[in-house]
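Taken together, the values in this text are just the output of simple stated rules run on the coordinates, not laboratory data. Here the structure is a predicted model, which means the values were calculated and not measured. Backbone-built Cβ (ideal geometry, glycine too); neighbour counts: all protein chains shown.
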Amino acid sequence: QVRLVESGGGVVAPGGSLTLSCVASGFTFSNANMAWFRQRPGDRREWVATITPSGEEVHYQNFAKDRFTISRDDAEKMVFLQMNSLRPADTAVYYCKYTASPFWGQGTQVTVSS
């Protein structure tokens, strides 16, 4: 029932920016902690950022702290990840996550390359 559909990935040059979007359904979005994770090639899935209901709190992994911004639009049941100053090490499949659910969406591929 939980559905998470990510979009917005693509290929960007180092130093560039992308904004990822996620449309959520199947749960009470306004009450939900939401997060972004990523999985780099050959690596384990890792946490990127979290946003609490109403956006009261945001938390970031160290690599994202000064470059990425997580936000949400409760009316549209969407969560976003604005990524700036992208580096090749940011290349990964990015997933949004309802933290109380074990299910994952399809993810969206981000490739940072010159």
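Taking the Cα centre of the chain as the origin, how large is its charge dipole in debye, to the nearest 20, when only Lys and Arg (+1) and Asp and Glu (-1) carry charge on their Cβ atoms?
320
Scan the chain and report its longest stretch carrying no trypsin sites (Lys or Arg not before Pro) that are both in a DSSP loop and have at most 16 other Cβ atoms within 10 Å.
Value returned for the longest uninterrupted segment is 68-114.
In whole Å, largest first, what are the principal axis extents of the Cα atoms in the chain?
That works out to 41, 25, 22 Å along the principal axes.
For segment 11-23, just list the computed ³J(HN,Hα) in residue order, Karplus coefficients 6.51, -1.76 and 1.60, θ = phi - 60°, integers in Hz, with x standing in for Gly and Pro.
Here the 3J(HN,Hα) series is 9, 9, 7, x, x, x, 10, 9, 10, 9, 10, 9, 9 Hz.
For the pair Glu46 and Glu76, what calculated FRET efficiency results from E = 1/(1 + (r/R0)^6), where r is the Cβ-Cβ distance and R0 = 30 Å, to the nearest 0.05?
Taking R0 as 30 Å, the efficiency between Glu76 and Glu46 is 0.65.
³J(HN,Hα) across segment 37-52 via Karplus (A = 6.51, B = -1.76, C = 1.60, θ = phi - 60°), whole Hz, x for Gly/Pro?
10, 9, 9, 7, x, x, 10, 7, 5, 10, 6, 10, 7, 9, 9, 8
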